[in-house]
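Trainee: My structure is below; once you've seen it, I'll send some questions.
The values are calculated or read from the model by the stated rules, or taken from the named source; none is laboratory data. Predicted model, so just to flag it, every value in this text is computed and none were measured. When we count neighbours, we look across all protein chains shown, and the Cβ atoms used for this are built from the backbone with ideal geometry, even at glycine.
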Amino acid sequence: MQRLSSAPFNAASGGIDQILRQPLAPLLLPEQQALEPAQISDRPRLESLFYRGSINDFVAAQLRPDLLGSEILAPAQFRSALAETRANLSRIARANQGSAKKLGRLTRLLEEDSALFDLLQMYWSALLQG
């Protein structure tokens with residue numbers, strides 16, 4: 001390492017004027033050297049070029065939801081979106097008689113999930129109250 005400048009600094013002995021008028025702290029730079037190819041890593045770039053995903057990666061990518069915003073992850077926003085989805089599904093089930101059975105099952109499943117969440121909230125508040 002090379003020292004470009006050396007100026008002693010003692011913060012306890014001087015005030016703000018001495019700190020402001022003092023020369024810059026020494027700047028330590030590594031000595032210039034040539035890097036060997038083994039020290040240069042292009043591995044992540046090569047992996048991205050030659051990456052061949054498996055069927056599991058494809059399925060996971062297809063099942064991952066596309067969220068336009070992260071506000072849906074807030075509990076209040078999620079519960080309101082879930083209630084809106086449940087209401088829309090029941091309305092669609094009444095309008096479409098061909099898939100009413102499947103949509104009715106899905107609506108009941110969402111209602112059960114909501115009931116379980118309410119039960120969890122009740123237990124959680126009971127634990128907090130002691």
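Trainee: Of the residues 130, 53, which is at pLDDT below 90 and more than 25 Å from the chain's Cα centre (by Cα)?
Mentor: Matching residue, one of 130, 53: 130.
Trainee: Separate question: Do we have residue 98 as over 29 Å from the mean Cα position of the chain (by Cα), surrounded by 11 or more Cβ atoms within 10 Å (Cβ to Cβ) and not aromatic (Phe, Trp, Tyr) here?
Mentor: Here the answer is no, as residue 98 does not meet what is asked.
Trainee: For region 70-88, state whether one or more residues are over 31 Å from the mean Cα position of the chain (by Cα) and either surrounded by 12 or more Cβ atoms within 10 Å (Cβ to Cβ) or in contact (Cβ under 8 Å) with a residue 24 or more places away in the chain (or both).
Mentor: Step one: list which residues in region 70-88 are over 31 Å from the mean Cα position of the chain (by Cα), which gives none.
No.
Trainee: Looking at this structure, is residue 41 surrounded by 10 or more Cβ atoms within 10 Å (Cβ to Cβ), at pLDDT below 90 and hydroxyl-bearing (Ser, Thr, Tyr)?
Mentor: On the way: surrounded by 10 or more Cβ atoms within 10 Å (Cβ to Cβ): no; at pLDDT below 90: yes; hydroxyl-bearing (Ser, Thr, Tyr): yes.
No; evaluated as a whole, the condition is false for this residue.
Trainee: Right, another one. Just to be sure before I move on: is residue 80 hydroxyl-bearing (Ser, Thr, Tyr) and out of contact with any helix residue (DSSP H, G or I) (no Cβ under 9 Å at 6 or more places or on another chain) in the structure I sent? It would help to see each step written out before you state the result.
Mentor: Values: hydroxyl-bearing (Ser, Thr, Tyr): yes; out of contact with any helix residue (DSSP H, G or I) (no Cβ under 9 Å at 6 or more places or on another chain): yes.
It is true that residue 80 is hydroxyl-bearing (Ser, Thr, Tyr) and out of contact with any helix residue (DSSP H, G or I) (no Cβ under 9 Å at 6 or more places or on another chain).
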